[in-house]
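Asks: Shown below is the structure under consideration.
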Amino acid sequence: MPTEATTPDASGPAATPGTTRMIKIFDTTLRDGEQSPGASMNLAEKLEVAQALNELGIDIMEAGFPIASPGDFDAVKQIAQVVRGVTVCGLARCNDKDIDCAWEALKHAPQARIHVFLATSAIHREFKLRMTPDEIVQRAEAGVRRAAGYCDDVEFSPEDACRTEHDFLCRVVEAAIAAGATTINIPDTVGYATPGEVYDRISMLRNRVPNIDRAVISIHCHNDLGLAVANSLAAVQAGAGQIECTINGIGERAGNAALEEVVMALKTRHDFFELRTNIDTTRLVPTSRLVSTTTGIAVQRNKAIVGRNAFAHEAGIHQDGMLKERSTYEIMSPEEVGFAKTDLVLGKHSGRAALADRARQLGFLLTGEQLQSVFAEFKKLADKKKEIYDGDIIALVGQEIGDSVEPQWKLIDFEVHDGRERTPKVTLTLQHGQQQQTETVEAGDGPIDAAFWAVERITGIETVCRDFRVRSATLGRDAQGEARVEVEHKGRLYRGVGVSTDTVESTILAILNAVNRIVSQTEMPDEDQPISSEW
């Protein structure tokens, strides 16, 4: 058997000192990422994110799980027909129906990949599948062979590979490659592995599987112990040629390896890894913002690479060092990942061109209609604030591009009366079509609670609030408040976002955004519930 130092791998022969090996980036934001609770996207949103991922420079885009629902099938099909220059991938279990459905959705893609998976660990074999090791191998071979009959690019994932016995894992991997798999993905399904264990497992496969040189080795790590990025980097150090990840690290439970962290670790520490990717790193922040706005999942302020504080310095010692030499406290430049170096202050006298240009610098390409809508809100905000900062523009644009539903209910006016010793009172006027309706509610624990009741009485749509957050979109006493709500209606969750300098108004706008989503979904035919496909 060849030794690890000489065994060829996914991306070519083993790297020699001083050379740079290419690592493929497999993005599963639209599949595994969308499985985050409350992160589901409609077709228009998926297409927008798919285009952004393509511009980012990923190599493979896992567009969805076609058999999961008609909506997932349509999304994969549309993305396969529209997106060019990237391999479009669809997920399937190791059965004929799943694989046939995946190909039907993918067949128009210039570059298509079918990704089949089957659990292999002892605990999954015994309790979930109730299959013997021989039956697992036969099912894996049959699934890969059927997928290979449709296209040349087939990926096989032995689910829970990091808890599968070494001997059996080698046997399944060898059989899958012999059946036609061109990529072998090793998933740490439950985020249990450590970097050392991942390194040893990838090295073991390279040394023990005789036909491993015929396939790319991939790694797919979950973040249950906060080790997804570290484990992914350990895998490529051991010879893996592909990393599976998501924007902002979203995904099942604690999420997946964060694409932006993996990519910038490889780029910033190229001296150590001697590996590279095709990612345009200046698109990381704009893509992160788009995914956050679209899914409704906020990025924590101290998130590595794309968080608002990632390049912020407050401590006096840090500020002094930064003024003298930037590299004292920054190992990357903000421009390198897509942040603007400084805020450009705009005001009420600024025009559309200035707004469009600043939005473009922040990573947002607005259509004429979107620019008109954002500009109208920009002018309203400029009358309330002396200066408008990048954060204000991001909030305004994010509200516009993130709201792809037709606003059936619109806020016209509201009035709030509240105090420590009095029952809150809200008078709300909404417009539906050409008609306006006004309702006064004197109830609840505060003006926010009363606003929920008022919206419910006017629209007739009953909801239960499951999550409510308000944050400052910018700094200062006149900062905008961004409200995000998640409500339940007839067993389904819907999200809403609203932005205003008045937190009550931003909350009402967020509630209406969620209500409009409910109305939009109610008018569409019901879809099957998605099938879980976590690794």
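The values are calculated or read from the model by the stated rules, or taken from the named source; none is laboratory data. On a predicted model such as this, the values are computed, not experimentally measured, just so you know. Cβ placement follows ideal geometry from the backbone for every residue including glycine, while neighbour counts extend to all protein chains displayed.
Asks: With the requirement that a residue be of a type outside the set (A, V, I, L, M, F, W, C), out of contact with any helix residue (DSSP H, G or I) (no Cβ under 6 Å at 6 or more places or on another chain) and either surrounded by fewer than 15 Cβ atoms within 10 Å (Cβ to Cβ) or at pLDDT 80 or above (or both), what does the range 348-360 give you?
Replies: Answer for the range 348-360, where residues must be of a type outside the set (A, V, I, L, M, F, W, C), out of contact with any helix residue (DSSP H, G or I) (no Cβ under 6 Å at 6 or more places or on another chain) and either surrounded by fewer than 15 Cβ atoms within 10 Å (Cβ to Cβ) or at pLDDT 80 or above (or both): 349, 351, 357, 360.
Asks: Listed residues 240, 215, 257, 230; which is among the aliphatic types (A, V, I, L, M), over 16 Å from residue 24 (Cβ atoms) and not assigned by TED's automatic domain parsing to the domain that holds residue 331? Walk me through it before giving the result.
Replies: On the way: 240 fails: over 16 Å from residue 24 (Cβ atoms); 215 fails: over 16 Å from residue 24 (Cβ atoms); 257 fails: over 16 Å from residue 24 (Cβ atoms).
Checking each option against the conditions leaves just 230.
Asks: Evaluate the following for residue 175: is it assigned by TED's automatic domain parsing to the domain that holds residue 32 and crowded, with 23+ Cβ neighbours inside 10 Å? If you could, list the steps in order and put the result at the bottom.
Replies: Values: assigned by TED's automatic domain parsing to the domain that holds residue 32: yes; crowded, with 23+ Cβ neighbours inside 10 Å: no.
It is false that residue 175 is assigned by TED's automatic domain parsing to the domain that holds residue 32 and crowded, with 23+ Cβ neighbours inside 10 Å.
Asks: Condition check: crowded, with 23+ Cβ neighbours inside 10 Å, closer than 22 Å to residue 55 by Cβ and touching a helix residue (DSSP H, G or I) at 6+ places or on another chain (Cβ under 6 Å). Does residue 260 satisfy that?
Replies: Working: crowded, with 23+ Cβ neighbours inside 10 Å: yes; closer than 22 Å to residue 55 by Cβ: yes; touching a helix residue (DSSP H, G or I) at 6+ places or on another chain (Cβ under 6 Å): yes.
For residue 260, the condition - crowded, with 23+ Cβ neighbours inside 10 Å, closer than 22 Å to residue 55 by Cβ and touching a helix residue (DSSP H, G or I) at 6+ places or on another chain (Cβ under 6 Å) - is met.
Asks: Moving to a separate point now. In the range 53-97, what residues are over 19 Å from residue 244 (Cβ atoms) and among the acidic types (Asp, Glu)?
Replies: Within the range 53-97, 55, 74, 96 qualify.
Asks: Kindly evaluate residue 7 against the criterion of being among the β-branched types (Val, Ile, Thr), surrounded by fewer than 16 Cβ atoms within 10 Å (Cβ to Cβ) and at pLDDT below 95.
Replies: The answer is no for residue 7.
Asks: Quick one: which helices (runs of 4 or more DSSP H) sit completely within the range 236-314 and have at least 1 residues that are at pLDDT below 95 and β-branched (Val, Ile, Thr)? Explain how you work it out, then say what you get.
Replies: Numbers: elements: 259-268, 270-273, 284-295.
The helices (runs of 4 or more DSSP H) meeting that bar are 284-295.
Asks: Which pairs turn up if I take residues in the range 484-499 that are over 30 Å from residue 382 (Cα atoms) and without any contact (Cβ under 8 Å) to a residue 40 or more places away in the chain and look for partners that are aromatic (Phe, Trp, Tyr) and in a strand (DSSP E or B) with beta carbon separation below 8 Å, at least 6 apart in sequence or on another chain?
Replies: Filtered contacts from the range 484-499: 487/494; 488/494.
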